[in-house]
Every structure is written in C-alpha cells, then in structure tokens.
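What follows is calculated from the coordinates using simple rules that are stated; it is not laboratory data. Predicted, not measured: the structure shown is a model, and the values here were computed from it. Positions of Cβ are backbone-derived with ideal geometry, glycine not excepted, and every protein chain shown enters the neighbour counts.
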Amino acid sequence: QKEVEQDPGPLSVPEGAIVSLNCTYSNSAFQYFMWYRQYSRKGPELLMYTYSSGNKEDGRFTAQVDKSSKYISLFIRDSQPSDSATYLCATFYSSASKIIFGSGTRLSIRP
Amino acid sequence: DTEVTQTPKHLVMGMTNKKSLKCEQHMGHRAMYWYKQKAKKPPELMFVYSYEKLSINESVPSRFSPECPNSSLLNLHLHALQPEDSALYLCASSQLGAQETQYFGPGTRLLVL
C-alpha cells in the first residue's frame, strides 16, 4: 500500500464548476498536509498547507483534512481554465524529514 | 521574494560529458533539496542539505554529486549519466524548522543521449 494514494485522473470539468480533488494516506502519524500545483514543464508550486485536521480557505481554494478517515481534499470553486494543471497532494514524514507525494491528478478546465 | 531559480532551463548531454546544474535562493532558507521528476510521476527526493552540510542522500548513484558552496547556492554535478537519468531536476528550499513547506524552482529539463 502506498503511503499517499491519489487518483491520477485525468479529470475534466467545465469552467465555473466546483472541483474536488482527493487523497488518502496510510500513516496516522502524519500531521502536515500540503497541496502543490504543477503546470506543464514547470516546478511544483505550494498551494495550500494545513496542520492536523480541519479546513483552510484561501480565495477559491479550500483544503480539508479528516484525520479520522485519513482523507485529504482540495476544493476549487468557480474553476478557471488557468486552474488546468496537475495537483499533487503531499504529507511531511517528520521521522524521515521528507515529503511524500501522491501520484498527482491531472485537471483540465474546459472553457 | 519566494523565488528559487535554476539554471540552465534545458540541458542535453552525452553519456561521457560532465555538466552542472545550479540552484539559488535568497529567502534565508538553510535547508535545500534536489529532486528528480520523471514524466507523469511525482518528484523523488535525491539529496537534502542542512546548514550547507549533506544530511540526506536517498541512495543516489555516485554519478550525481551535490555541492552546497554557501547558504544560497546548491549545485548538482553530473558525470557519466545514463539515458534513464533524463528527467526534470528540481531544486527546493525551506526553513529548517518548517521542512514541510518547501519552495520549488522551475527545474532543469535534462536529456541524456
């Protein structure tokens, strides 16, 4: 079992739709959860960062962590074509001092 | 300034060449990282530097040789690479007390012929 599982997609939705991206993780010791956005041929960009359970909102983006079910979500409201990218969920494994990434979900927003 | 810069953007090299990748950050971060990313895969950690000293080597072959000359610069020296080493090489940096929030550069796209 991978430590962080993510559906690779691709996911295609019309402009203006609400997008839901999801990951699960296996180790209940994980406490830091991140979402990175990566445009084609670019480096990953840190989009959202949460500690432990709960929600965090930043503009059109909401990150949600449910530690009881080991579930991580990213919601994008009023999606735009510029949101088309690969979204990587990630967690930080403190014991190994390393980020563990999900496989990434390719998202396409149709105009 | 939350920028990590990397040069060159693209690099083509033969299996007998020696080349270097460069990374620079001016955010005062004392942790710097090299990652390798293959197409449609997530980044894979290669090396971690803390206070300019190598702290993690993820069993990377010796044909990759990292160097951290000062707190702002990170190099990756390449020698006798194989075609399967072709990938996007990413540099990242973070504060030492906040290694979960890493800032990535745009990467160097490497092609080994």
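Data table
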read-out	value
Computed over chain B, Cα set: Rg, Dmax in Å	13.2, 40
Cα convex hull volume per residue for the range B:57-113 (Å³)	103
Proportion of all alpha-carbon pairs of the protein assembly as shown beyond 33 Å (%)	17
Test item: Cα-centred dipole of chain A, Lys/Arg +1 and Asp/Glu -1 on Cβ, debye	220
Whole-angstrom Cα spans of the range B:14-64 along principal axes, big to small	35, 27, 21
Dimensions in Å of chain A - Rg and Dmax from alpha carbons	13.4, 44
FRET efficiency, 1/(1 + (r/R0)^6) with R0 30 Å, evaluated for A:ARG106 and B:ALA98 via beta carbons	0.55
Highest average packing first - B:47-54, B:30-37, A:55-62, B:88-95, Cβ atoms within 10 Å	B:88-95, B:30-37, B:47-54, A:55-62
Among B:PRO106, B:GLN82, A:PHE33 the positive-end extreme of the charge dipole of the protein assembly as shown (Cβ point charges)	B:GLN82
For A:SER84, distant residues with modelled amide H under 5 Å away	A:ILE109
Point-to-point label distance, B:ARG30-A:LYS56, nm (Cα→Cβ direction, 7 Å offset)	2.3
Neighbourhood net charge (11 Å Cβ-Cβ; Lys/Arg +1, Asp/Glu -1) for A:ASP78	0
Of A:SER40, A:SER20, A:SER73, the one that fluctuates the most in a GNM where chain A has Cα springs shorter than 10 Å	A:SER40
Size of electric dipole in the range B:11-54: Cβ of Lys, Arg +1 and of Asp, Glu -1, about Cα centre, debye, nearest 20	200
Inter-part distance where the range A:34-76 and the range B:1-70 are each reduced to a Cα centre, Å	25
Beta bridges per DSSP with both ends in the protein assembly as shown, % antiparallel, nearest 5	90
Listed pairs B:LYS19/B:LYS40; A:LYS98/B:LYS53; B:LYS9/B:LYS38; A:LYS56/B:LYS38 exceeding 21 Å between Cα atoms	B:LYS19/B:LYS40; A:LYS56/B:LYS38
